[in-house]
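Here's the structure, in structure tokens; my notes come after.
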Ligand code: TXA
Ligand code: MG
């Protein structure tokens, strides 16, 4: 039966996506000859190239417009491949890899000799992760090596959570785009660094920090922004930003600000979480849009919503401040960075 030779992805909220063995084979061949392939992961779509080929890796930086000193994550098929790419792996790092891979966790470790300095931006550490997506897993197994892949967007912009986002933004510059449907998690992986021994959180993401702390039975130190800023582009103050300026306000100030901007002639969209907003309804010239109230559902929709609002041509996105609880940490982080480019937000 044909279907047995295919990867079928059931995404209950959008239907089914089918990718054939031939698609995976073609993608693996392209990677082998130094081309780029965009592929789905459970977090966001990645722009992949052969991690052991410096020429291929340079293409990623060119396509993304990313500064060459910002390191890439190397995706591998299984934790058993870790020793090929990293060295001095602590027991704690092994524990996290064993418990959470495949999954939305990236570990920063001392790099092995196999990792070209193009991948690490010249640093002596490397980011590694095993993605939890059938298409990514099949591609990694078929290719056999590591795939260096940042999120498949232009540097600083919103990450893609569908193949169409990748095509819209990167288009023909990518060798091939594998369409595995919308990403299940919707925000990037949680990054934990073991570069200096003790675990340090560099980026909150798809895996809850408490789950990591419970597993290690210790607190994970939060990175000092000044120390890490240069090394991790996702930690830059302005990042994950749509074209349309974003402002974040508590719900009490949200509508006051919206009316103020509308009076000045701005075309405003309000993103609410609480039930004070009504989906897709215009009132007083303000379009409001109610986002999901559960953090995991909000995360899944966040980037797709920002992409959509960018296309809709609003002058300003006003978003309700997310709750200050642990499950919203990654969303709050992304919203804050999306709203950081203050040069865009006047008056
Ligand atoms: O979920 C994800 O992590 C997605 C999917 C495609 O796997 N990837 C992703 O890659 O978000 P990227 O490049 O957009 O973000 C990875 C972050 C960057 O901020 C990068 O600077 C940081 O990881 N990073 C990678 N290697 C590092 C290293 N050796 N030391 C410190 N930070 C590192
Ligand atoms: Mg990125």
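The values are calculated or read from the model by the stated rules, or taken from the named source; none is laboratory data. Nothing here was measured: the structure is a model prediction, and the numbers come from that model. Positions of Cβ are generated from backbone atoms using ideal geometry, with glycine treated the same way; all protein chains shown enter the neighbour counts.
Strands (runs of 3 or more DSSP E) wholly in the stretch 260-347 with at least 1 residues that are over 21 Å from residue 160 (Cβ atoms) and modelled with pLDDT under 95 - which ones?
On the way: elements: 268-272, 281-283, 286-290, 316-320.
In the stretch 260-347, 268-272, 281-283, 286-290 are the strands (runs of 3 or more DSSP E) which contain 1 or more residues that are over 21 Å from residue 160 (Cβ atoms) and modelled with pLDDT under 95.
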Exercise for review: Looking only at the stretch 139-148, decide whether some residue is within 13 Å of ligand 1 (Cβ to nearest atom) and part of a helix (DSSP H, G or I).
Suggested key: yes
Check your understanding: Can you tell me which residue in the stretch 1-28 is nearest to residue 54 (Cα to Cα), limited to those that are at pLDDT 60 or above and out of contact with any helix residue (DSSP H, G or I) (no Cβ under 9 Å at 6 or more places or on another chain)?
Key -> 26
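Being closer than 22 Å to residue 70 by Cβ, away from ligand 1 (no atom under 12 Å from the Cβ) and modelled with pLDDT of 95 or more is the requirement here; does residue 166 meet it?
Taking the combined requirement at face value, the residue does not satisfy it.
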Practice item. Consider residue 233 carefully, then state whether it is at pLDDT below 85, surrounded by 16 or more Cβ atoms within 10 Å (Cβ to Cβ) and within 21 Å of residue 332 (Cα to Cα). Key: yes
Review point. For residue 180, which of the numbered conditions (1) more than 10 Å from ligand 1 (Cβ to nearest atom); (2) free of Cβ contacts under 8 Å to residues at least 60 places away in the same chain; (3) buried (at least 24 other Cβ atoms within 10 Å of the Cβ) fails to hold?
Key: (2)
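Is it the case that residue 73 is within 12 Å of ligand 1 (Cβ to nearest atom) and at pLDDT 95 or above?
Details: within 12 Å of ligand 1 (Cβ to nearest atom): yes; at pLDDT 95 or above: yes.
Taking the combined requirement at face value, the residue satisfies it.
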Study note, to complete from the structure: The lone condition residue 115 fails out of (1) assigned to a loop (DSSP other than H, G, I, E, B); (2) closer than 21 Å to residue 184 by Cβ is (2)
Point to revise | Residues located in the stretch 179-229, provided they are in a helix (DSSP H, G or I) and within 16 Å of ligand 2 (Cβ to nearest atom) | key: 228
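Filter the stretch 165-177 down to the residues that are in contact with a helix residue (DSSP H, G or I) (Cβ under 9 Å, 6 or more places away or on another chain) and either part of a loop (DSSP other than H, G, I, E, B) or free of Cβ contacts under 8 Å to residues at least 60 places away in the same chain (or both) and list them by number.
169, 174, 175, listed by residue number.
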Check your understanding: Looking at this structure, is residue 126 crowded, with 18+ Cβ neighbours inside 10 Å, within 16 Å of ligand 2 (Cβ to nearest atom) and more than 15 Å from residue 40 (Cα to Cα)?
Key -> no
Exercise for review: Identify all residues within the stretch 146-161 that are in contact with a strand residue (DSSP E or B) (Cβ under 6 Å, 6 or more places away or on another chain) and more than 9 Å from ligand 2 (Cβ to nearest atom); write none if there are none.
Suggested key: 146, 147, 148, 149
Check your understanding: Going by the conditions given, is residue 255 surrounded by 18 or more Cβ atoms within 10 Å (Cβ to Cβ), modelled with pLDDT of 95 or more and not in a loop (DSSP other than H, G, I, E, B)?
Key -> no
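Can you tell me which residue is nearest to ligand 1 (Cβ to nearest atom) among those in the stretch 237-252 that are outside any loop (DSSP other than H, G, I, E, B) and touching a helix residue (DSSP H, G or I) at 6+ places or on another chain (Cβ under 8 Å)? Before the answer, list the steps.
Taking the stretch 237-252 as the starting set, the residues that turn out to be outside any loop (DSSP other than H, G, I, E, B) are 241, 246-249, 251-252.
Filter once more, so that each one left must be touching a helix residue (DSSP H, G or I) at 6+ places or on another chain (Cβ under 8 Å): 241, 246-249.
On the way: 241: 13, 246: 19, 247: 24, 248: 21, 249: 27 Å.
Step by step, filter the stretch 237-252, then rank; the result is 241.
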